[in-house]
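A.B. asks: Got a structure here, written out as structure tokens. Questions coming.
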Amino acid sequence: MKPIQVGLLGIGTVGSGTFNVLQRNQEEIRRRAGRGIEIAMVADLDTTRAKQVVGDAAQVVGDARAIIANPDIDVVVELIGGYGIAKALVLEAIAAGKHVVTANKALLAVHGSEIFKAAADKGVIVAYEAAVAGGIPIIKALREGLTANQIQWVAGIINGTTNFILSEMRDKGLDFDVVLKEAQRLGYAEADPTFDIEGVDAAHKATLMSAIAFGIPVQFDKAYVEGITKLAGADIKYAEQLGYRIKLLGITKRTDKGIELRVHPSLVPSKRLIANVEGAMNAVVVNGDAVGTTLYYGKGAGSEPTASAVIADLVDIARLHGADPAHSVPPLAFQSSTLGAAGKELPVLPMAEVVTSYYLRIRVADEAGVLAKITTLLANAGISIDAVLQREADEVGGEGSTQTDLIILTHDTREGDMDKALAEIQGLPTVLAPITRIRKEELN
Ligand code: HSE
């Protein structure tokens, strides 16, 4: 059979990895796919660099639309990123009857419904394994490997940059700003790291996993997003003393009321495997009613790890190309006709309805009755305390200090009740600084 013809839009880090891995492993990939996979065209604004990567093996063009206009191209691989031109090109490729492979989590998390509908109408595949957790085949695991299960929850370290920063803060006892600069110097963090450190990149990925896990449309606008920029080194240290590590988790969970979809720093018991995922690595824990808890670990970014996921999608398409599109794997795991119905039954919950436990750090005047007042306000809100740690005043504010930190771990409570209690506690004259609140996930 004729090799499937691929056009790459963008040949930066992931594009060149895709080209190199396809070249290196072409014989095995052909045996697995049942036919060859050939990158026939590459579009990049920097045509000189693109030619250096592909040599004479593919035609290099400066205009991506030349690929979409070529009737010989079967699959377009979008590696441009962002919502702008990438969205237009993906929709144009679909309209031209081409299958699409993309690593663009932002595009799918925000515009996925429109893109998947356009693909279904046209009978083409949109595949996006590389969009979530890079080289870890988590989309395939959720969509196919775990298809027998009612998924209960998914929790993942799905942003390597922030995990690297948190690991360094813990290892070296440094504050966020210092480690961010180091991460940028080492090339882990982008020059503009906003999407990573503010949790947006993780929320894009969590949004996609939520849709696949629960059969709901992609709803990035309903995700709660909190990054790591406000985390203090002291909180990482106190968490450790209490037996926890702080990780930026993307969480989506099925509850009786609806679906939780949230990204925020979380205390995770140190004994959990996921708490020990360090540096830029990614890991995702999935809990299904039949299988129990499963863990997926690996590189969430990088040239060849991400290429591994892109090529897996190309192999799937090579196997399915020409088959009845209604019988291919649905992009969001559930048949598209059932997504709306499930969405009505299972709304994405507002954060006030989320139930979780908390770590609180409260800077107080070190005097009689302060702890009692705080615990009374928590008790009045129905919030049960799990553990309390009080630092020596000297340790917190230096010799002769009259301030101290109270660290409180709570049991599960509604976020709305916690918000109310914290507002009251914050109003006490003996509370001397904004309260730090970090959510806690036992993941058991
Ligand atoms: N910037 C991401 C990360 C990789 O740090 O994990 C691409 O999603």
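The values are calculated or read from the model by the stated rules, or taken from the named source; none is laboratory data. All values reported here derive from a predicted model rather than from experimental measurement. We place every Cβ from the backbone using ideal geometry, glycine too, and count neighbours over all the protein chains shown. The accessibility values were calculated without ligands, DNA or RNA, using every heavy atom of the protein model including side chains. Shrake-Rupley method; radii C 1.70, N 1.55, O 1.52, S 1.80 Å.
A.B. asks: Can you compute the charge dipole magnitude of region 355-440 about its Cα centre, using +1 on each Lys and Arg Cβ and -1 on each Asp and Glu Cβ, nothing else charged? Give it in debye, rounded to the nearest 20.
C.D. replies: So the dipole magnitude of region 355-440 works out to roughly 340 debye.
A.B. asks: Treating cross-link reach as a plain straight distance, find the aspartates and glutamates whose alpha-carbon is under 20 Å from the alpha-carbon of Lys2, omitting any fewer than eight places away in the same chain.
C.D. replies: Cross-link targets: Glu27, Glu28, Glu38, Asp56, Asp72, Asp74, Asp313, Asp316, Asp324.
A.B. asks: A follow-up question, please. I want the antiparallel fraction of DSSP beta bridges within the chain, as a percent rounded to 5.
C.D. replies: 65 percent
A.B. asks: Along the charge dipole of the chain, Cβ charges K/R +1 and D/E -1, which of Val77, Val42, His321 sits furthest on the positive end?
C.D. replies: The one lying farthest along the dipole's positive direction is His321.
A.B. asks: While we're here: Note down the magnitude of the dipole of region 43-182 about its Cα centre, charges +1 on Lys and Arg C-beta and -1 on Asp and Glu C-beta and zero elsewhere, to the nearest 20 debye.
C.D. replies: Computed about the Cα centre, the dipole is about 260 debye.
A.B. asks: I need two numbers for region 109-170: Rg to one decimal and Dmax as a whole number, Cα atoms only, in Å.
C.D. replies: 15.5, 50
A.B. asks: Bin by bin, in steps of 10 Å, what percent of the Cα pairs in the chain do you find, going until the bin that has the longest distance?
C.D. replies: Percent of pairs per bin, in order: 4, 20, 28, 23, 13, 7, 4, 1, 0.
A.B. asks: Okay, next question. Say a paramagnetic label sat at a point 7 Å from the Cα of Asn380, along Cα to Cβ; which residues of region 421-444 have their backbone N under 17 Å from it?
C.D. replies: 421-431
A.B. asks: Would you work out which of Leu378, Leu332, Val178 lies farthest towards the positive end of the dipole of the chain, given +1 charges on the beta-carbon of Lys and Arg and -1 on that of Asp and Glu, about the Cα centre?
C.D. replies: Leu332
A.B. asks: Please identify, among Val354, Val291, Val179, the residue showing maximal mean-square fluctuation in a Gaussian network model of the chain using a 10 angstrom Cα cutoff.
C.D. replies: Val291
A.B. asks: Distance between the C-alpha centers of region 62-97 and region 238-255? Whole Å please.
C.D. replies: Cα centroid to Cα centroid, the span is 40 Å.
A.B. asks: Something else about it: Among Gly416, Gly369, Gly82, determine the one that fluctuates most according to a GNM of the chain built with springs between C-alpha atoms less than 10 Å apart.
C.D. replies: The residue with the greatest mean-square fluctuation here is Gly369.
A.B. asks: Also, I was wondering about something else. What percentages make up the Cα-Cα pair-distance distribution of region 355-440 when the bins are 5 Å wide from 0?
C.D. replies: Pairs per bin, as whole percents: 3, 15, 28, 26, 16, 8, 3, 1.
A.B. asks: Stretched out fully, how many nm does the piece from Thr338 to Leu174 gain, at 0.36 nm a residue minus the Cα gap?
C.D. replies: Going from the current span to full extension adds 54.2 nm.
A.B. asks: In addition: Cut-off 12 Å, label point 7 angstrom out along Cα-to-Cβ of Gln152: give me the residues of region 239-273 whose amide nitrogen falls inside.
C.D. replies: Residues 254-255 fall inside that zone.
A.B. asks: Multiply the residue gap between Lys181 and Asp412 by 0.36 nm, knock off their C-alpha separation, and tell me the result in nm, one decimal place.
C.D. replies: 79.6 nm
A.B. asks: Given a Förster distance of 56 Å, report the FRET efficiency between Thr13 and Ala433 from their Cβ-Cβ distance, rounded to the nearest 0.05.
C.D. replies: Efficiency computed from Cβ-Cβ geometry: 0.85.
A.B. asks: Can you give the accessible area per residue of the chain, in Å², using a 1.4 Å probe?
C.D. replies: Normalised by residue count, the accessible surface of the chain is 42 Å².
A.B. asks: Using a Gaussian network for the chain with springs between C-alpha atoms less than 10 Å apart, which of these wobbles most: Asp256, Asp72, Asp386?
C.D. replies: Asp256
A.B. asks: Another question, if that's okay. In region 107-203, what GluC sites (Glu not before Pro) fall in a loop by DSSP, with at most 15 other Cβ atoms inside 10 Å?
C.D. replies: Sites meeting the loop and neighbour criteria: Glu190.
A.B. asks: To two decimal places, what compactness ratio does region 154-297 give when its Cα radius of gyration is scaled by 2.2 N^0.38 Å?
C.D. replies: Scaled against compact globular proteins, the figure is 1.03.
A.B. asks: Can you find, among Gly145, Asn163, Gly135, the residue farthest towards the positive end of the dipole of the chain? Put +1 on the C-beta of Lys and Arg, -1 on that of Asp and Glu.
C.D. replies: Toward the positive end, the furthest listed residue is Gly145.
A.B. asks: Let's see if you can work this out: charge +1 on each Lys and Arg Cβ, -1 on each Asp and Glu Cβ, no other charges. What is the dipole magnitude of the chain about its Cα centre, in debye to the nearest 20?
C.D. replies: Roughly 940 debye for the chain.
A.B. asks: Right, something else. Using label points projected 7 Å from each Cα along Cα→Cβ, tell me how many nm separate Glu367 and Thr402, to one decimal.
C.D. replies: 0.7 nm
A.B. asks: May I ask you to list the GluC sites (Glu not before Pro) in region 409-444 that are in a DSSP loop and have at most 15 other Cβ atoms within 10 Å of their Cβ?
C.D. replies: Those that pass, being in a loop and sparsely packed, are Glu442.
A.B. asks: Same structure again: For the cross-link pairs Lys230/Lys299; Lys172/Lys271; Lys140/Lys181; Lys271/Lys299; Lys117/Lys140, which exceed 24 Å when the distance is taken from alpha carbon to alpha carbon?
C.D. replies: In this structure, Lys230/Lys299; Lys140/Lys181 exceed 24 Å between Cα atoms.
A.B. asks: I've got another one for you. Between Asp221 and Asn20, what is the spin-label point distance in nm, taking each point 7 Å from the Cα along the Cα→C-beta axis?
C.D. replies: Here the modelled spin labels are 4.1 nm apart.
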